[in-house]
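Enquirer: Take a look at the following structure, please.
The values are calculated or read from the model by the stated rules, or taken from the named source; none is laboratory data. In this text, all values refer to a predicted model and were calculated from it rather than measured experimentally. FYI the Cβ positions are ideal-geometry reconstructions off the backbone, even for glycines, and counts take in every protein chain you see. Side chains included, ligands, DNA and RNA excluded: accessible areas come from the protein's heavy atoms. Shrake-Rupley method; radii C 1.70, N 1.55, O 1.52, S 1.80 Å.
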Amino acid sequence: MKSKFLYICLSLSLFSCQKLDLNPLSQGSSETWNSNAEELIMSLNDLYREDLWLKDLDDWTDDWIYRDGLTDITNATINGQTGFVNTNWKNTYKNISRANTVLENMDRVIGVLPEAQIASYTAEARFVRASMYSYLLSHYRNVVYTDRTLSIDEAEAIDQSTPEQVLIKIYEDYDFAIANLKESYSSNELKRATKGAALAMKARIALYMGDYETAKTAAKACIDLGLYTLHPQYRDLFLSKTKQSPESIFLLPRSITLGVPLGDRQNYIPRNNGGWAAKDPSWDLLYAFYCTDGLPVDESPSFDPKNPFLNRDPRCAATIVPFDTPHLDHIFTPHPLALKTTKISTGQQVANNDNRAVAQYASFNGLVWNKGVDNDWLQNSWRIEPDNVIIRYADVLLIYAEAKIELNEIDESVLAAINQVRARAYNVDIGSADYPAVTETAQASLRKILRAERRMEFALEGLRYMDIIRWKLAEKVLNKPNYGLLDPADLVAKVVNTGKWFLPAAPPVDEDGVADFSGFFSQGLIKQISSRKFDATKQYIWPIPSTEVLTSGLTQNPNY
């Protein structure tokens, strides 16, 4: 690549220390390092640093509200100077550089280590490289591809590759990894990339790029390994106590003790517990969950607008805290007349700071997150240590189902894949009559069901952003307001006292699962909190960082 930064990233040899910091203070000599198994493993460990495995943010989507704040994506202000545009580009290429360095030095252990062991280490580095390029390809599209370190002259001459060329290279790396990685590790081994992880990640990037045949084949091969199962309890899967679940195909472990926690989560914690309740689920998400009869809220006779959590898919309450239920040692209620609430451990009535009549910065729409939240969140200054799951088995099942739907190869295996995920949510076997099993086989109808299933299953896991991008729904769901509760006095007068709490009826939900709250707004029953924006002429791909365009001569993506 041509810029000074990227030349350095592509040409320096960067090595691992045991400490998980971004820039190790001591490094092995580039002339001799990676000459034995121990050094190779240290270098490979360096490829798994959490800050180099990027996840999309839910606050870039319609599942999210952060008071009246917007992001560069939801405000349509993303450009080549945007912080995450530059940081994510830089960190991804940094990890590619490290993987390339490991691969180029692999000849140092020829004759020292068995061929199978060398192939396994090579496969691991190629898995990482493929995963990094997958992120670049799905977000920036027109990227620079290199599978080796470059001289200055080479770096100045290299240009962007086409997306098709990069995807071929990604597949080649994943295929090598599939052929040479272990299927599993013993209980006393550090869990690293596996054959299943390579299949799953290949299926994901194929799905993102619209290559449904490859997505189907890779996902089916992952399923057929027979190594993964859905975690028995949906809610427990996301807790800190759940480690190395059989559903987790590829993960990065976290540890407070070792200084690798999930950072300060105070924005997610209710105000009754000392949090800020500032980053919350949107109403769009709340009303996207189906009812227990398998129908959307506007079609189901079981939906109760006065109790929007009643008769809903269990993942609704597992994701968003239901009203008037225990949550983190308090009864959670945003009702404007509930000035007091119960502190469960003492039985005492305390000020209800999750009511905006008491605390004006309580959740602006009355919702707070429940997914993954338990009393561990109140310890260690709101730092927690759940596994950082990069891809899990439910995703592979739904990737397989979606690919088959898009290919119009709808058969019993498609329904079985979706129903496994849905039955687990209801904590029943797939053959049970106690959940709304999917039986639809028409392509358009099944596509709608599949998309709703992904939204219910993966909320707050960083997958919604790429879903609305690849389904070309971002211009629809992000060009609409984020609504919330009226100010307390108006809320009592116009909603509570007229019998319309929480909302007077189910909002209409269209064929894309998008709820329409504008009618309630026109009646003066809800408040517009912010107005999201999305520019469809450019935002479906990210800009190339401006520094790379200005100093390297790279071609900027359209309309930036």
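Enquirer: With N residues in the range 494-536, what two-decimal value do you get for its Cα radius of gyration over 2.2 N^0.38 Å?
Expert: 1.37
Enquirer: With 10 Å bins from zero, work out the P(r) of the range 122-261 over every alpha carbon pair and list the percent per bin.
Expert: Reading the bins upward from 0: 11, 34, 33, 18, 4, 0.
Enquirer: Additional query: Ordered by residue, what ³J(HN,Hα) values in Hz, to whole numbers, does the range 430-445 give under the Karplus form 6.51 cos²θ - 1.76 cosθ + 1.60, where θ = phi - 60° and Gly and Pro are x?
Expert: Along the range 430-445, the couplings run 4, x, 5, 8, 9, 8, x, 4, 7, 10, 5, 10, 6, 4, 4, 5 Hz.
Enquirer: Quick one: go through the range 372-403 and flag any residue whose amide nitrogen is under 19 Å from the point 7 Å out along the Cα-to-Cβ line of Leu258.
Expert: 383-391
Enquirer: In whole Hz, what ³J(HN,Hα) sequence does the range 237-243 give by Karplus (6.51, -1.76, 1.60; θ = phi - 60°), x for Gly and Pro?
Expert: 4, 9, 8, 4, 6, 8, 10
Enquirer: Give the whole-number value, in cubic angstrom per residue, of the convex hull volume spanned by the C-alpha atoms of the range 340-498.
Expert: That works out to 208 Å³ per residue.
Enquirer: I've got another one for you. Could you rank Thr149, Thr257 by how accessible they are, 1.4 Å probe, largest area first?
Expert: So the residues, ranked largest to smallest area, are Thr257, Thr149.
Enquirer: Could you work out [θ]222 nm for the chain from helices alone, using -39500 (n - 2.57) per DSSP H run of at least four and dividing by all its residues? Round to the nearest 500 deg cm²/dmol.
Expert: -10500 deg cm²/dmol
Enquirer: List the trypsin sites (Lys or Arg not before Pro) in the range 286-369 that DSSP assigns to loop (not H, G, I, E or B) and whose Cβ has at most 13 other Cβ atoms within 10 Å. Which are they?
Expert: Lys306
Enquirer: At what distance in nm do the modelled label points of Glu156 and Thr498 sit from each other, each positioned 7 Å from its Cα along Cα→Cβ?
Expert: 7.1
Enquirer: I need the semi-axes of the equivalent ellipsoid of the range 126-207: take the C-alpha gyration tensor, multiply each eigenvalue by 5, square-root it, list largest first in whole angstrom.
Expert: Equivalent ellipsoid of the range 126-207: 27, 15, 10 Å, largest first.
Enquirer: Further question: Leaving ligands and nucleic acids out of the surface, order Phe176, Phe332 by accessible area at 1.4 Å, largest first.
Expert: Phe176, Phe332
Enquirer: Here is a follow-up. What part of the accessible area of the chain, given as a whole %, is carbon or sulfur when the probe is 1.4 angstrom?
Expert: 51
Enquirer: Could you give each residue of the range 470-484 its phi-based ³J(HN,Hα) in whole Hz, using Karplus coefficients 6.51, -1.76, 1.60 with θ = phi - 60°, and x for Gly or Pro?
Expert: With coefficients 6.51, -1.76 and 1.60, one gets 6, 7, 6, 9, 4, 5, 8, 7, 9, 9, 8, x, 9, 9, x Hz.
Enquirer: Rounded to whole Å and sorted largest first, list the principal axis extents of the Cα atoms in the range 427-514.
Expert: Extents along the principal axes, in whole Å: 48, 36, 25.
Enquirer: Eigenvalues of the Cα gyration tensor times 5, then square-rooted: what semi-axes does that give for the range 198-246, in whole angstrom, largest first?
Expert: 26, 12, 8
Enquirer: Report the extension gain between Asp298 and Tyr361 in nm, rounded to one decimal, defined as 0.36 nm multiplied by the number of residues separating them, less their alpha carbon distance.
Expert: Stretched out fully, the Asp298 to Tyr361 stretch lengthens by 19.6 nm.
Enquirer: A further question on this structure: Step by step: find N for the range 21-146, compute 2.2 N^0.38 Å, then divide the Cα radius of gyration by it. What's the final number?
Expert: 1.32
Enquirer: Lys340's amide H: which non-local residues (gap 5+, or another chain) put their own amide H closer than 5 Å, with H modeled 1.01 Å from N in plane and none for Pro or chain starts?
Expert: Asn352
Enquirer: Next question, about the same structure. If only Cα atoms are counted, what is the Rg of the range 296-337, and what is its Dmax, in Å?
Expert: According to the Cα coordinates of the range 296-337, Rg and Dmax are 11.5, 35 Å.
Enquirer: Over the range 126-219, what is the relative contact order in percent, taking alpha-carbon pairs closer than 8 angstrom and at least six residues apart?
Expert: About 27 percent, as a whole number.
Enquirer: Compute, for Glu50, the solvent-accessible surface of its heavy atoms (probe 1.4 Å) with the complete set of protein chains present, and express it in square angstrom to the nearest 10.
Expert: Approximately 50 Å² for this residue.
Enquirer: Let's test this: bin the Cα-Cα distances of the chain at 20 Å from zero up to the farthest pair and state each bin's percent.
Expert: 20, 53, 25, 2, 0
Enquirer: Shifting gears a bit: Considering Cα pairs under 8 angstrom that are at least six residues apart, work out the relative contact order of the chain and quote it in whole percent.
Expert: 19
Enquirer: What area, in nm² and to one decimal, does the C-alpha convex hull of the range 195-344 cast on average over all directions?
Expert: 12.7
Enquirer: Something else about it: Can you send over the solvent-accessible area of Leu550, 1.4 Å probe, protein chains only, in Å² to the nearest 10?
Expert: Accessible area, nearest 10 Å²: 150 Å².
Enquirer: Under a 1.4 Å probe, what is the accessible area of the chain per residue, stated in Å²?
Expert: With all protein chains present, the chain gives 39 Å² per residue.
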